[in-house]
Amino acid sequence: MIAFFDLTKQYISIRDELDAATARVMQRGMFILGPEVSAFEKEFAEFIGAQFATGVGSGTEAIHIALLALGIGAGDEVITVPNTAVATVAAIELTGARAVLCDVRADSMLMDVEKLARAITPRTRAIIPVHLFGQSADLDPILAIARAKNIFVLEDCAQAHGAMYRGKRVGAYGQIAAFSFYPTKNLGAYGDGGAIVTNDAQLAERVNLLRQYGWKERYTSAIKGMNSRLDELQAAILRVKLAHLDAWNAARRERAALYSELLKTVTLPREMPYGQHVYHLYVVRSQKRDALAAHLKARGIGTAIQYPETIHLQPAYENLGYRRGDLPVAEKLAREILSLPLYPELSLDDVRAVADAVNQFK
Ligand SMILES: *Cc1c(COP(=O)(O)O)cnc(C)c1O
């Protein structure tokens with residue numbers, strides 16, 4: 001049996017550190033917006049190379065609050081891609097704005113900059129490039145278009161903690177960025193969590209108010225806000241894990257390189273020359289994807305499909321006004337992609353066993 005992922009192995013590998021961190025929080029008796037969250041925010045901002053990070057309740061809420069902080073709402077349009085987690089589009093709609101979808105490139109599976117200009121209208125206020133599967137979108141041309149049209153860029157970094165673009169980590173290229181700490185992400189909590197990263201002090205201040213009822217002073221709302229807070233236990237856990245993230249990402253890259261060396265019968269994920277992939281997922285492509293997945297399942301190997309249907313073809317998002325065929329590259333990818341097991345603790349022998357099983361499929 002080779003599971004698609006295994007979070008227990010990681011816990012066991014750092015159990016003493018984690019147990020000490022959670023005990024420290026319990027002992028202190030402070031669970032919301034205390035010293036662990038403040039320390040994590042500082043450490044995470046430093047890791048990304050940005051000035052400010054704010055812990056929030058989830059990645060979805062990070063995107064939602066970031067958009068609100070940018071002043072986006074009803075009547076506005078926000079451009080993103082069709083092959084993302086539904087969270088990206090759900091967060092856009094939570095603000096009252098309309099999601100506009102831009103197709104992706106076949107090679108990187110990321111936002112196609114050639115098609116981006118055509119998606120822009122006078123109502124476009126923001127672009128959300130998604131650094132899908134652990135790889136940065138091609139940010140320079142996206143930032144250039146956005147600058148020329150006075151549009152914000154919000155990076156969706158939920159799958160790309162530590163990924164590089166032109167020598168710097170993603171998350172500090174746009175005006176603002178959103179991260180998720182869902183347990184399976186490259187940096188994962190033991191529950192929900194997220195963060196918003198920015199270099200803009202005013203945006204950081206707005207984010208801080210929005211996440212807690214708009215409070216500047218306790219019990220007095222300066223603006224209308226909500227409750228979306230990272231909690232102390234998760235922050236303490238994330239502080240422990242952040243110290244291991246570079247090593248874990250390196251282990252992911254080593255396993256991905258071995259897959260890419262061994263696999264013979266499927267289309268491999270492509271690492272774009274402008275950056276460094278952190279392989280949140282190792283996604284291959286096959287025209288016989290479903291049969292391949294069944295072949296692996298019969299051999300005790302877990303796989304997953306991220307994501308089996310593009311956003312615009314899901315029942316809840318008919319309102320976006322797209323039909324099958326409108327975003328052909330993303331639609332084709334949804335039929336062909338398959339994620340193989342990949343996590344830092346996966347043994348190299350297991351990588352070889354998975355690769356052998358894939359290569360045996362005819
Ligand atoms: C996981 C994810 C999110 C949402 O994060 P949650 O913490 O689950 O709310 C948003 N965008 C992308 C690309 C994701 O992978």
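Points worth noting:
- Helices (runs of 4 or more DSSP H) contained in region 1-114 and holding at least 3 residues among the hydrophobic types (A, V, I, L, M, F, W, C) and away from the ligand (no atom under 16 Å from the Cβ): 15-28, 35-48
- Qualifying residue in region 235-247 (condition: closer than 22 Å to Glu17 by Cβ, assigned to a loop (DSSP other than H, G, I, E, B), within 14 Å of the ligand (Cβ to nearest atom) and not aromatic (Phe, Trp, Tyr)): no
- Top-ranked residue of region 164-188 - restricted to ones that are near the ligand (Cβ under 8 Å from one of its atoms) and not basic (Lys, Arg), ranked as farthest from Arg252 (Cα to Cα): Ala178
- Taken over region 165-182, the residue count meeting the criterion of being over 12 Å from the mean Cα position of the chain (by Cα) and touching a residue at least 60 places away in the same chain (Cβ under 8 Å) is 7.
- Tally, over region 180-226, of residues that are among the acidic types (Asp, Glu) and assigned to a loop (DSSP other than H, G, I, E, B): 2
- Residue count, region 115-156 (criterion: aromatic (Phe, Trp, Tyr) and either within 16 Å of the ligand (Cβ to nearest atom) or within 29 Å of Val284 (Cα to Cα) (or both)): 1
- Checking each residue in region 335-353 for being in contact with a Phe, Trp or Tyr (Cβ under 7 Å, 6 or more places away or on another chain) and not aromatic (Phe, Trp, Tyr) picks out Ser339, Leu340, Pro341, Leu342, Pro344, Val351.
- Among the residues listed as Tyr282, Tyr274, the single one being within 20 Å of the chain's Cα centre (by Cα), under 27 Å from Tyr173 (Cα atoms) and either among the aliphatic types (A, V, I, L, M) or surrounded by fewer than 22 Cβ atoms within 10 Å (Cβ to Cβ) (or both): Tyr274
- Across region 255-276, the number of residues qualifying as touching a strand residue (DSSP E or B) at 6+ places or on another chain (Cβ under 8 Å) and not in a loop (DSSP other than H, G, I, E, B) comes to 6.
- Looking only at residues of region 189-204 that are farther than 22 Å from Asp6 by Cα and under 14 Å from the mean Cα position of the chain (by Cα), we find that the one that is nearest to the ligand (Cβ to nearest atom) is Ala195.
- Selection over region 1-50 of residues that are more than 27 Å from Gln212 (Cα to Cα) and touching a Gly at 6+ places or on another chain (Cβ under 7 Å) gives a count of 4.
- Within region 203-248, being in contact with a strand residue (DSSP E or B) (Cβ under 9 Å, 6 or more places away or on another chain) and at positive phi holds for Tyr213, Gly214.
Bear in mind that the values in this text are calculations on the coordinates, not laboratory data. All figures in this text were calculated on a predicted structure; none of them were measured in a lab. Ideal geometry is used to build each Cβ from the backbone, glycine not excepted, and the neighbour counts take in all protein chains shown.
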